[in-house]
1. Considering only the other residues whose Cβ falls under 14 Å of the Cβ of PHE47, what net charge follows from Lys and Arg at +1 and Asp and Glu at -1?
2. Quantify, in whole percent, the carbon and sulfur part of the accessible surface of segment 144-300 (1.4 Å probe; protein heavy atoms only).
3. Leaving out ligands, DNA and RNA but keeping every protein chain, what accessible area does LYS159 have, in Å² rounded to the nearest 10, with a 1.4 Å probe?
4. Calculate, for segment 202-356, the solvent-accessible area per residue in square angstrom, rolling a 1.4 angstrom probe over the heavy atoms of the protein chains.
5. Could you list, in their original order, any pairs among LYS199/LYS298; LYS260/LYS385; LYS159/LYS259 whose Cα atoms are separated by more than 24 Å?
Amino acid sequence: MKKLLNNLPFRLLLGVVIGILAGQAANLPVMHVIVTAKFILGQIITFCVPLIIIGFIAPSITKLGNNASKILGVAILSAYTSSVFAALFSMGAGYTLIPHLSIVSEVDGLRDLPKLVFKLEIPQIMPVMSALVMSVMIGLAATWTKAKTTIRFLDEFQKMILLIVSKVLIPILPFFIAVTFCALSYEGTITKQLPVFLKVILIVMAGHYIWLTLLYLIGGIYSGKNPWKVLKNYGPAYLTAVGTMSSAATLAVALRCAKKSEPELRDDMVDFGIPLFANIHLCGSVLTEVFFVMVVSKILYGELPSVGSMILFCVLLGVFAIGAPGVPGGTVMASLGLIISVLGFDETGTALILTIFALQDSFGTACNVTGDGALTMILTGFAEKHKIEQQKIEIDL
């Protein structure tokens, strides 16, 4: 039981259940406390967003810059292209399918939430877009000048932010989600929308498999290799990713699976590509997040985001995916700023995104890891087409 309670999706699911049940039974004085707690926890999470952006993206740029090469450029371009087109594919599916999901954004007979007992505001240190630009500028400048002290500081800062995420944000998430769902349940909307979330998760999983099929077909066509000879070896990595919800934690298994695919995957490209893609290629997570934000927007705000906003969100999300770490929830945590600034989500919207994303995060991670094999096939094809000699490459990631 203790091991189960340490499992993040279980704790979030428990928070959802407790919140819904509590919302059905809560009276007005209890709801005063609930909405106040929801506001304060939301302020803490929002405050951390610019710190997460700087801590995730700037150090990642310096690490990529230190290993700059032709192959690295192809790897980054492949990962970014895969993530952006996965996002656009998901966006197209969202505009096609979501209007047919019978989502009710306005429900009759809703109760109004009570006012806050007190209002504790915690302003961000800077706007989220300022944090993104600052991260890119600092990362590039540190790389260009080879500023070793700054690069070491950014590495230390990233470790600090990861600890803040793991020791502050992750522990409070179940409580934040519980009070959020308690408020939604008290209002009376969540009981009508829960079946929609279950349908959405199934749709997204189908999207993962469609995207992996396209990715491996493209990799096979470009490299002239048989994609099935790579994909068939990825079963253990897929299952490990489902269990760990972490590309980083799955890395050792993914390397073993990829090395079984020789000569379809060149050994030096496996040594270089698989560790790199575990950190920068998050196509499954991106595909999932795009569809989910559209569903939540329809549920909470009564309409889908505009096409222009969604395209901007998809393009920028590809950048955030490269900067996000291969840890559980890394993509959605790193992109909270985009969800808030580009799509205009409030605290309730971000809570719903965090919840539904976490409940299926294992399958998104499995899609990420399995897709790395297709991109490594592209690297192999590029190396062979350009007659790059095979060599032993070791990268400190």
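1. Taking every Cβ under 14 Å from that of PHE47, the sum is -2.
2. Exposed carbon and sulfur together represent 70 percent of the surface.
3. 120
4. Each residue of segment 202-356 exposes 32 Å² on average to a 1.4 Å probe.
5. Going by Cα-Cα distance, LYS159/LYS259 fall outside the 24 Å limit.
The values are calculated or read from the model by the stated rules, or taken from the named source; none is laboratory data. Predicted model only: the values in this text are computed from it and were never measured. Counting neighbours? That spans all protein chains shown, and the Cβs are built from the backbone with ideal geometry, glycine included. We work out accessible area using only protein heavy atoms, side chains counted, and drop any ligands, DNA or RNA first. Shrake-Rupley method; radii C 1.70, N 1.55, O 1.52, S 1.80 Å.
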